[in-house]
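The values are calculated or read from the model by the stated rules, or taken from the named source; none is laboratory data. Model, not experiment: these values are computed from the prediction. Cβ placement follows ideal geometry from the backbone for every residue including glycine, while neighbour counts extend to all protein chains displayed.
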Amino acid sequence: MANILIDGYNVTGTAHDNLEKIRNDLIDKLKRYSEIKKHHVTLVFDGWKSGQKDQTEIRTRDLTVIYSRLGEKADLVIKRLVKSSTIPWIVVSSDREISEYAATHDHAAVSSAEFEEKLYLALGNPADGPLIGLDAGVASFNDMDDVIDPVPARSRGNPRQLSKRQKNKIQALKKL
């Protein structure tokens with residue numbers, strides 16, 4: 001069982017005619033995903049423009065949906081959860097700042113596109129397609145070499161060995 005922390009609008013995007021429908025579709029898919037995979041999923045949405053005065057949490061069995069309070073972005077909620085947590089998170093966000101923050105606190109970070117592929121494979125609905133409209137040219141993640149980011153130049157250590165961050169990412173993708 002894994003604990004997955006998802007930046008909601010980073011997965012769905014915000015350029016939709018009916019944002020509420022897209023949000024509810026994602027919630028439904030994540031409920032099914034958490035039942036199939038037995039993972040606990042926490043989904044965080046921005047409430048900073050039109051949210052409530054206080055942060056809102058809606059809990060079901062293995063899914064928690066958090067709406068940040070008015071004036072607060074989901075990024076701050078995610079950072080707060082990552083920083084104060086004693087459980088290992090798999091943080092899903094294509095936001096580099098969030099991914100770096102998670103990695104510096106020893107949590108695995110995967111991109112929204114990588115998670116979406118795992119989500120649709122688990123649901124058995126690859127025909128549904130991704131929520132954010134991935135290009136048809138996106139590589140398959142069946143080969144773990146596709147997952148590994150190019151290794152940045154390092155001043156020490158074995159250049160043929162994966163970094164701790166890359167190892168965490170590969171482990172996280174295997175769990176998903």
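Worth pointing out:
- In this structure, ASP28 does satisfy being within 20 Å of LEU176 (Cβ to Cβ) and free of Cβ contacts under 8 Å to residues at least 24 places away in the same chain.
- Among the residues making up the range 105-144, those that are modelled with pLDDT of 50 or more and acidic (Asp, Glu) are ASP106, GLU114, GLU116, GLU117, ASP128.
- Looking only at the range 26-41, and only at residues there that are in a helix (DSSP H, G or I) and touching a helix residue (DSSP H, G or I) at 6+ places or on another chain (Cβ under 8 Å), the one that is surrounded by the fewest Cβ atoms within 10 Å (Cβ to Cβ): ILE36
- Looking only at the range 51-80, residues that are over 19 Å from VAL11 (Cβ atoms), out of contact with any Phe, Trp or Tyr (no Cβ under 6 Å at 6 or more places or on another chain) and modelled with pLDDT under 90 come to 8 in all.
- Qualifying positions in the range 1-21 - more than 16 Å from the chain's Cα centre (by Cα) and among the aliphatic types (A, V, I, L, M): ALA15, LEU19
- All positions within the range 1-29 that are under 18 Å from ALA108 (Cβ atoms) and at pLDDT 90 or above: ASN3, ILE4, LEU5, ILE6, ASP7
- Residue within the range 29-42 that is under 21 Å from ASN168 (Cα atoms) and among the β-branched types (Val, Ile, Thr) present: yes
- Breaking point among (1) more than 22 Å from LYS174 (Cα to Cα); (2) without any contact (Cβ under 8 Å) to a residue 24 or more places away in the chain; (3) polar (S, T, N, Q); (4) in contact with a strand residue (DSSP E or B) (Cβ under 9 Å, 6 or more places away or on another chain), for THR64: (2)
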